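One structure is given below, encoded as structure tokens.
The values are calculated or read from the model by the stated rules, or taken from the named source; none is laboratory data. Keep in mind that what you see is a predicted model, and the values were worked out from it rather than measured. Cβ atoms come from the backbone with ideal geometry, glycine included; neighbour counts cover every protein chain shown. Please note that ligands, DNA and RNA were not included when accessible areas were found on the heavy atoms of the full protein model with its side chains. Shrake-Rupley method; radii C 1.70, N 1.55, O 1.52, S 1.80 Å.
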4 protein chains.
Amino acid sequence: MAPATGTRYHFFSDNTASVCPELMQALAAANSGFAVAYGDDPWTARLDAVLSDFFGTRVRAFPMITGTAANATALATLVPPWGAVFCHPEAHINRDECGAPTFFSGGAQLSLLPGAHGRLEPAALAEAIAGWPFGDVHVVQPAAVSITQASELGTAYRPEDVARLAALAHGRGLKLHMDGARLANAVTFLGCHPGDVTWRAGVDVLSFGATKNGAMGAEAVVFFDSALVGDFEIRRKRAGHLLSKSRYAAAQLLAYVETGVWQRNAARANELARRIGAAAGKALLHPVEANEVFLDLGVSRREALRAQGFGFYDLGPPTLGRARMVASWDQPEQDVSALCAALTATTPHQ
Amino acid sequence: MAPATGTRYHFFSDNTASVCPELMQALAAANSGFAVAYGDDPWTARLDAVLSDFFGTRVRAFPMITGTAANATALATLVPPWGAVFCHPEAHINRDECGAPTFFSGGAQLSLLPGAHGRLEPAALAEAIAGWPFGDVHVVQPAAVSITQASELGTAYRPEDVARLAALAHGRGLKLHMDGARLANAVTFLGCHPGDVTWRAGVDVLSFGATKNGAMGAEAVVFFDSALVGDFEIRRKRAGHLLSKSRYAAAQLLAYVETGVWQRNAARANELARRIGAAAGKALLHPVEANEVFLDLGVSRREALRAQGFGFYDLGPPTLGRARMVASWDQPEQDVSALCAALTATTPHQ
Amino acid sequence: MAPATGTRYHFFSDNTASVCPELMQALAAANSGFAVAYGDDPWTARLDAVLSDFFGTRVRAFPMITGTAANATALATLVPPWGAVFCHPEAHINRDECGAPTFFSGGAQLSLLPGAHGRLEPAALAEAIAGWPFGDVHVVQPAAVSITQASELGTAYRPEDVARLAALAHGRGLKLHMDGARLANAVTFLGCHPGDVTWRAGVDVLSFGATKNGAMGAEAVVFFDSALVGDFEIRRKRAGHLLSKSRYAAAQLLAYVETGVWQRNAARANELARRIGAAAGKALLHPVEANEVFLDLGVSRREALRAQGFGFYDLGPPTLGRARMVASWDQPEQDVSALCAALTATTPHQ
Amino acid sequence: MAPATGTRYHFFSDNTASVCPELMQALAAANSGFAVAYGDDPWTARLDAVLSDFFGTRVRAFPMITGTAANATALATLVPPWGAVFCHPEAHINRDECGAPTFFSGGAQLSLLPGAHGRLEPAALAEAIAGWPFGDVHVVQPAAVSITQASELGTAYRPEDVARLAALAHGRGLKLHMDGARLANAVTFLGCHPGDVTWRAGVDVLSFGATKNGAMGAEAVVFFDSALVGDFEIRRKRAGHLLSKSRYAAAQLLAYVETGVWQRNAARANELARRIGAAAGKALLHPVEANEVFLDLGVSRREALRAQGFGFYDLGPPTLGRARMVASWDQPEQDVSALCAALTATTPHQ
């Protein structure tokens, strides 16, 4: 959906950002001569080792081009066609992937569980598991829990939150998948080690995103237990996601981690979002713990911002008067200053 | 599969080549500031017009990252879950896509038909169609024919070949799909207009490849009849193939066509292959009409070549003594000279 | 799950009942000599006409063996792989079919909407439809509403309830499916014509069950608009549900309708359930409008009933103290008398 | 397809036959009072023991209603979505099930191998296995071999034929499935024990048919290795093939085996077919080793038979002049006498 005429400041999505210079350089550096196709190249070969260093444990990692594909292939590897995946209603796999996990798995269902600020509640998971008729052929069988870090409402799970969900999942043989499309933002916000909110807290498989944070199109499916890789590689191929020139996706992922841009980009976007959230005051719907800000502005105030050239998407039905604003790694400084000024100026007297 | 130690000359695949400079420049040029995500950007928006010019008719075109995905999504749009697709046993969709067309379509079957030199024979198609129990619910129902241009054995369909297959297909309501992973090579060899072997000859939907001919990862699904687009876009999304940063794939495709590298790269690769084929003499299995050469060398001669540093894949079982050699757009000149010399030197006396 | 030792009175399910004599006679009568296979027999051929008479409008009807298959094949005919079906959380298609609608359709999702006493609320449907991003490829697209008549909690939709849901569905191009596994019970309770709560109220496709009401295994998928039949027949075949000896399923359905046992059996089972509900007094959770009774007994009172030889399933987790009791067409009179006496005797003083 | 007017003698299919009296009696005997639903009834419970006795080894057996469902569910249990199943082009799973094995398995492909008289050749299987790129993610991976006993061309595999195929399959980890829609006919013809051509020869899973040989609708999926049952039961449920009133299918299967009608009916049908084959003389295309006869009559002779009131299906395209004639367990004696007389009378002079 193209922005309205007159839009000067773009807070639509971090997918609208450009590729950061370090990753463009990595692409150029990889662009030299012969490399074996379909992942048997030196860049792809280094991915396991580099991501093992990054996470502080041995991993198996596979480059992908889109987050939807990363999530869906990962989940299909964990869940049978009659499996159920517990997730939050706001989960990208529920709201934004057009049923991809069901398609890739050959039928698996999402079972939606509530939680404040976009985070799945352990109590809700515990109750769902306790009441499920495991082993009953009349009913789909839970096989995984999927959480998003940072969540779709811009909040971050603490390591102990993840650990509690993991314990509940593992207690009934379910695997814990993390959609880490914005993992860099969450880890940067939390100030923890990347391992702390992933494998150390019990995550089994991670979709590790770089696209929203400065890459051209690069995600990695990261298995913290190599035994779980299972059929992943053949599933990826038959979904058309095994890249013939895999070196270019791998080179982005290597540079993303090795140059530190994952953190630099995330830190900048998070800080911009924090300033917007601070300027929004009472309009803020959720704590700002990543690079997204969710506001309850009311219709007239929201439309007034648009009239001033600010572009962003509605949150929920237009009549609700809510907005989502996303700060990107390459967001011009003046966009944010202008937005903060506008938000402050339009804050209703109280 | 990594090449053996000592391999100096790589004729494994055109997927092993680098990205050509014009396309790297196009990526750099596209890398500027904000662009709406998921295809609503100016680059993707221009694709229809630019490919309409290229083909000489109005088309709808969608960027994809892999040829497997392009083929499978295109076919799934044309064929129901109980559909059959006629194709040659050598077809990439049969031999190299791990069942992707079946997966994407929810069950469609390939029905294999013979033909010399990798090209589907009209007579075989006519017979298959004539004998099929159309309308019988006990049997999968033919819905498409898929041919590859240039074929997987390095030969090109002439416009009249395509037209005959199209007439047979259309006569029973089947659609004609073309896997054009190497369309540039075929068109360049034939010396025809891109429209002559596609829509003018009756092709309904084309997978138009650029990756093997100098792109990083860029294919387009091209619909010559916009009424056939149907569910394509939602199928692409749920398969994880809708790119959030679509501008980069689109920018490659635009430059591929607009700068003329499609033809320049193909012409060079074709010429190198022609020279190899000429040097091979009687060992040549199929006419060289693109950038691939297929040789019946015998095991000892083939292994002698490998011992001299030439890298290539076996054709069929290793004991058969056959080889496939592929020339890439960036193949060093000296690789080919060396190979031709070696082939000439090792030609058995007769 | 086998009943506990000592169980003398069986209120587990109407699926536990025998086949009523009229239908056994119909099977015997059909069992004479040659009949063309796969539905081209005189019994199956009469089904359209006989069910057209029954419903008071022209229908297309197809025999099936199970309700799960009837529902799933019907829905798969109405809904694409990326479709959503609105239904109540208690719906059989959600709770008891192990994802069959998703499997048969190649991916469709159930979207759960609330409603008291097991009936989908028009207001909830209206809100869901109003807020849905129709046309957005990122999201599954609603294509049908499915309701169960009588509902899984033993209540019946009135014709005007169905009509309001149908109007909402049709207003956005969704089809209305009715799971009529106990349609006979609902129609008998309502005292209306079978057409009044189906096509006259806007139902497009019906799963018309006979198995629970005296048949051996016979359901019909009934299309009230022949244009909707579409791919139904080929879907049925590839799901293994086209019966080679179709005459026997058809003969049951014909006799079910033509002899009036549909109503006689339903009336008896309904009346038995009514008596149980009346005896249960304040323990009754839902109005008794078919042949099922749902009770909140408390754990000790429930187990006391079991100790007296009454067999039935828990409703929800065992600790909740709730029970479901189902009266069958062939339920012995004394079972019900004994149960009513026991319920009255154990009614807590108040 | 209804027979032409004037058809008096029906040799279309054994699916056109009635239910034999012993099985009707078994249905009546099972029709008494309460039985737990969904297979937890005494009839279904006895099936394992009774079929274990029949085959002479411990089996797990599950009732199904159709052969297509039995085959497809069995194969889906053995084969992943990217699996290949080797079978003969004439196999029912290839020609008559509309892609059901692909649908049930979520994508598996049939890979067709030749063999004279409808029987898969060990040499062809050996070659296919030897040349397959096992472990290559670009290619579907063989997981099973499926053979039909008696074959679709009316011939029987000898125990040693099955054993050779089994050895080849098992040597690469493939499972051997047998479509035994007419197993009774083959066993009766061979004069062997039912175990001799099944588990003793290496069959892993069997679709054991009774419908064509006197049942109303009853097949059993028989696992000779209980470890292979795996996900079968949940797959059956979500395909709508778990019968609520399972006792009636089970009762048919028990009586089929226990009363000996399996053999009596097969022996009669085989003998009738043998007589037809003998009368056909040189027109006979395949040895008559079950209850089917395949004839090359020429168009005029074939149509002359039809004009005399004989009904049967063409074999292949109508212009080929070939015919399939099937004798049923309840075929009137005079049908066969008349057919033999007609065949003898019309035998061309030579």
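Beta carbons closer than 8 Å, at least 6 apart along the sequence or on distinct chains, pair a first residue in the range A:164-189 that is more than 16 Å from A:E152 (Cβ to Cβ) with a second that is assigned to a helix (DSSP H, G or I) and among the small types (G, A, S) for A:A166/A:A201; A:L168/A:A126; A:K175/A:A169; A:L176/A:A166; A:L176/A:A169; A:V187/A:A266; A:T188/A:A266; A:T188/A:A267. Only one entry in B:A130, B:A108 is closer than 24 Å to A:P81 by Cβ and either out of contact with any strand residue (DSSP E or B) (no Cβ under 8 Å at 6 or more places or on another chain) or assigned by TED's automatic domain parsing to the domain that holds B:F223 (or both), namely B:A108. Of the candidates B:A35, B:A29, B:A69, B:A45, the single residue that is touching a helix residue (DSSP H, G or I) at 6+ places or on another chain (Cβ under 6 Å) and small (G, A, S) is B:A35.
For the range B:132-146, a tally of residues being open to solvent by 50 Å² or more (accessible area, probe 1.4 Å) and away from chain C (no Cβ under 14 Å) returns 1.
If you go through the range C:164-194 and keep only what is closer than 25 Å to C:A267 by Cβ and out of contact with any strand residue (DSSP E or B) (no Cβ under 7 Å at 6 or more places or on another chain), you end up with C:A184, C:N185, C:A186, C:V187, C:T188, C:F189, C:L190, C:G191, C:C192, C:H193, C:P194. Within the range B:19-67, if we keep just the residues that are of a type in the set (S, T, N, Q) and either assigned to a helix (DSSP H, G or I) or not assigned by TED's automatic domain parsing to the domain that holds B:L206 (or both), the residue that is farthest from B:A100 (Cα to Cα) turns out to be B:Q25. Considering the range D:190-235, and only residues there that are hydroxyl-bearing (S, T, Y) and out of contact with any Ser or Thr (no Cβ under 8 Å at 6 or more places or on another chain), the residue that is most open to solvent (accessible area, probe 1.4 Å) turns out to be D:S226. Go through the residues of the range B:307-321 one by one and say whether even a single one is among the β-branched types (V, I, T) and under 26 Å from B:A156 (Cβ atoms). No, the conditions are met nowhere in the range B:307-321. Filtered by the rule that a residue be without any contact (Cβ under 8 Å) to a residue 12 or more places away in the chain and either in contact with a His (Cβ under 7 Å, 6 or more places away or on another chain) or more than 25 Å from D:F232 (Cβ to Cβ) (or both), the range D:99-131 gives D:A116, D:E121, D:A123, D:A124, D:E127, D:A130, D:G131.
If you filter the range C:1-12 down to residues that are open to solvent by 60 Å² or more (accessible area, probe 1.4 Å), more than 7 Å from chain D (Cβ to nearest Cβ) and touching a strand residue (DSSP E or B) at 6+ places or on another chain (Cβ under 9 Å), you find that the one that is nearest to C:A210 (Cα to Cα) is C:R8.
If the condition is being among the charged types (D, E, K, R) and not in a loop (DSSP other than H, G, I, E, B), then the range C:175-203 contributes C:K175, C:D179, C:R200. Among the conditions (1) over 30 Å from D:L315 (Cα atoms); (2) under 21 Å from the mean Cα position of the chain (by Cα); (3) within 14 Å of chain A (Cβ to nearest Cβ), D:A108 misses just one, which is (1).
Taking into account only those residues within the range A:297-316 that are within 23 Å of the chain's Cα centre (by Cα) and surrounded by fewer than 19 Cβ atoms within 10 Å (Cβ to Cβ), which is nearest to A:A116 (Cα to Cα)? The selected residue is A:G316. The numbered conditions (1) without any contact (Cβ under 8 Å) to a residue 60 or more places away in the chain; (2) open to solvent by 10 Å² or more (accessible area, probe 1.4 Å) are all true for B:T57 except (1).
Of the residues D:A166, D:A186, the single one that is more than 19 Å from D:V229 (Cα to Cα) and either assigned by TED's automatic domain parsing to the domain that holds D:H92 or out of contact with any Cys (no Cβ under 6 Å at 6 or more places or on another chain) (or both) is D:A186.
Of the helices (runs of 4 or more DSSP H) contained entirely in the range C:239-350, those carrying at least 1 residues that are within 12 Å of another protein chain (Cβ to nearest Cβ) and in contact (Cβ under 8 Å) with a residue 24 or more places away in the chain fall at C:246-258, C:333-345. Among residues of the range D:78-98 being open to solvent by 10 Å² or more (accessible area, probe 1.4 Å) and within 14 Å of chain C (Cβ to nearest Cβ), the one that is nearest to the chain's Cα centre (by Cα) is D:H92. A count restricted to the range A:112-131 and to residues that are buried (at least 16 other Cβ atoms within 10 Å of the Cβ) and either at pLDDT below 95 or closer than 18 Å to C:V139 by Cβ (or both) stands at 2. Here B:V145 meets each of (1) in a loop (DSSP other than H, G, I, E, B); (2) within 17 Å of B:A108 (Cβ to Cβ) with one exception, condition (1). Note on the range D:13-53: among residues that are aromatic (F, W, Y) and surrounded by 21 or more Cβ atoms within 10 Å (Cβ to Cβ), the one that is farthest from the other protein chains (Cβ to nearest Cβ) is D:W43. Say we look at the range A:60-73 and pick out the residues that are within 19 Å of A:G202 (Cα to Cα) and away from chain B (no Cβ under 11 Å); which of these is most open to solvent (accessible area, probe 1.4 Å)? Across the range A:60-73, the extreme among qualifying residues is A:R60.
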